[in-house]
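Taken together, the values in this text are just the output of simple stated rules run on the coordinates, not laboratory data. Please read these numbers as outputs of a predicted model, since none were measured by experiment. Cβ sites come from the backbone with ideal geometry, for glycine too, and all protein chains shown count toward neighbours.
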Amino acid sequence: MLIPIISLISLVVAIVIGFWKNINVGLIAIVFAFILGVYVGGISEKTIMSYWPIKLFITTFGITLLFSIAKLNGTLEKISKTIIYQSHGKKVLIPIIFYVLAVLIASVGPGNISTSALLLPIGLVIGHRTKISTLMMSTLIILGSIAGGLSPLAPNGIVALDLAASNGVGDLGLRIYIVNVISMTIFAIIMFVVLGGLKLRGDRVEISKAGSFNKYQIYTLVSIFILVLWVILGGVNVGFAAFALSAVLLVMKAADQNKAIANVPWSTLLLICGTAVLINVISDLGGVDLLTNFLASLMNKGTAIPIMAVLSGVMSIFSSAVGVVMPTLIPTTVNLSAELGSVVSPAVLTITIAVASHIVTMSPFSTMGALALASSPKTVDKKLLFKNLFITAFASLLFIAVFLGGLVAIGYLK
């Protein structure tokens, strides 16, 4: 019993040190995995090194490299401005278009953080100039990015599906993505109405045309289109497909190679992979089973989903959904379902963890919430925006706990 407890405490300590000292948790996790595995659990160094998730690393690196190129050569920004122009100056359409645009862009590969990083600076400037609520624009762009971010083509969606498959939950296909899009869209509609979106009807503003795409941007657009078809119709690994297309684009000088590689989110990759190594060591030492039994003691058929949603969301407010929350909790789902007498399936628990851990990432303690603060115009009250984003994150957590619990109760989620 002592070693499993120590292993779980090591994960908490790694997260606390990372948050307190602003050090990548993945880096600390690798150190803890080595010390814990070799000196406490007697696990060989070779075994610990084998826990590095090479497939996940290649897939995530490939897709983020491709969209690093697309961002550097202005393709993503040009797409955004071209679609925004379609509002024809109707203010009520601007936040809606940004939400839909965020869903679409995030879904085809860049993921939630990259999409937010692209759209927030554009959207918040347009919103401020047209006197649309900064909180509304921030919330809808982030929710749209989150909605698309669990696509099977996006980094976070890839991580969720890989964790589900490798931990015995099975191939969830599009289920996480569909439930996530539905959840985020409903909450986005609620926020749009609550924050005064309907009052924008009838108001108009001047929007300038984006201009035509240059040849490098056209090459990039064609590459993204090929990627989607290649993965869906050809069944190729999305990471290898993205690598191949990135290589072609770099040969064609569509972006600077060094800048493209430098813009890959290496810190996130280290966070994801380093934490995965520690989680595997903790699993070997019985920590995951201990956590599973503890969670099962708190749950029954009626409370399992709301409790898991709240737990996932609270953890995600102060840590990483993709690097900490999903790798920690998804491995518990198969045994947890068994402990509960299979009244809730591992698939439903996994979907709950994935969706609930992402919806709260508008928190100013999370990357996208921080991006909203950094991207807001100087005249915006940053302290007020910080407070409102934090309140919205907790409101989203309450919503998702009730909403997912309701979907299970009516039999939509099984």
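Extension gain for Asn237-Asn22 works out to 74.0 nm (0.36 nm per residue, less the C-alpha to C-alpha distance). For Arg204, the residues whose amide H sits under 5 Å from its own are Lys91, ignoring neighbours fewer than 5 places away on the same chain, with H placed 1.01 Å from N. Relative to the dominant Cα principal axis of the chain, helix 54-72 is inclined by about 10°. Please identify, among Asp284, Asp162, Asp203, the residue showing maximal mean-square fluctuation in a Gaussian network model of the chain using a 10 angstrom Cα cutoff. Judging by the Gaussian network model, the answer is Asp203. Note on the range 228-283: Kirkwood radius taken over Cα pairs, Stokes-Einstein applied at 25 °C and 0.890 mPa s, translational D equal to 180 µm² s⁻¹. Separation of the range 310-359 from the range 134-168 is 14 Å, based on Cα centroids.
Which entries in the list Lys21/Lys387; Lys131/Lys383; Lys46/Lys253; Lys71/Lys387; Lys81/Lys382 go over 29 Å, if you measure between the two C-alpha atoms of each? Over 29 Å apart, Cα to Cα: Lys46/Lys253; Lys71/Lys387. Translational diffusion of the range 84-182 was estimated from the Stokes-Einstein equation, with Rh taken as the Kirkwood radius over Cα pairs; at 25 °C and 0.890 mPa s the coefficient is 177 µm²/s.
Taking only the C-alpha atoms of the range 282-352, Rg followed by Dmax gives 11.4, 32 Å. Mind running the shape call on the range 134-256? Use the C-alpha gyration tensor, a ≥ b ≥ c as the square roots of the eigenvalues: rounded below 1.5 for a/c, prolate if a/b tops b/c, oblate otherwise. The shape class here is oblate.
Measuring how big the chain is from its alpha-carbon positions, Rg and Dmax come out at 21.3, 69 Å. Overall form of the range 185-317: oblate. Here a/c, set by the Cα gyration tensor axes a ≥ b ≥ c, is 1.5 or more, and a/b is not larger than b/c. Working note: Debye formula, equal point scatterers on the alpha-carbon atoms of the range 1-97, no solvent; log10 I(q)/I(0) at q = 0.22 Å⁻¹ is -1.11. Per-residue 3J(HN,Hα) values for the range 394-408, derived from phi via the Karplus relation 6.51 cos²θ - 1.76 cosθ + 1.60 with θ = phi - 60°, read 6, 5, 5, 5, 4, 4, 5, 5, 6, 5, 5, x, x, 4, 5 Hz in sequence order (x marks Gly and Pro). Using Cα atoms only, what is the angle between the long axis of helix 304-318 and the major principal axis of the chain, expressed in degrees (0 to 90) to the nearest 10? Relative to the chain, helix 304-318 is tipped by roughly 70 degrees.
Please report, in whole Å³, the volume per residue of the convex hull around the C-alpha atoms of the range 191-262.
203
Here the Karplus relation 6.51 cos²θ - 1.76 cosθ + 1.60, evaluated at θ = phi - 60°, turns the backbone of the range 287-295 into coupling constants of x, 5, 5, 5, 5, 4, 5, 5, 4 Hz, with x for every Gly and Pro. Peptides 108-114, 369-375, 256-262, 220-226, ordered by how many other C-beta atoms sit within 10 Å of their residues on average, highest first, read 108-114, 369-375, 220-226, 256-262. Think of it as helices only: each DSSP H run of n ≥ 4 in the chain is worth -39500 (n - 2.57), and spread over all residues that comes to -23000 deg cm²/dmol at 222 nm. Extension gain for Ser50-Ile189 works out to 45.6 nm (0.36 nm per residue, less the C-alpha to C-alpha distance).
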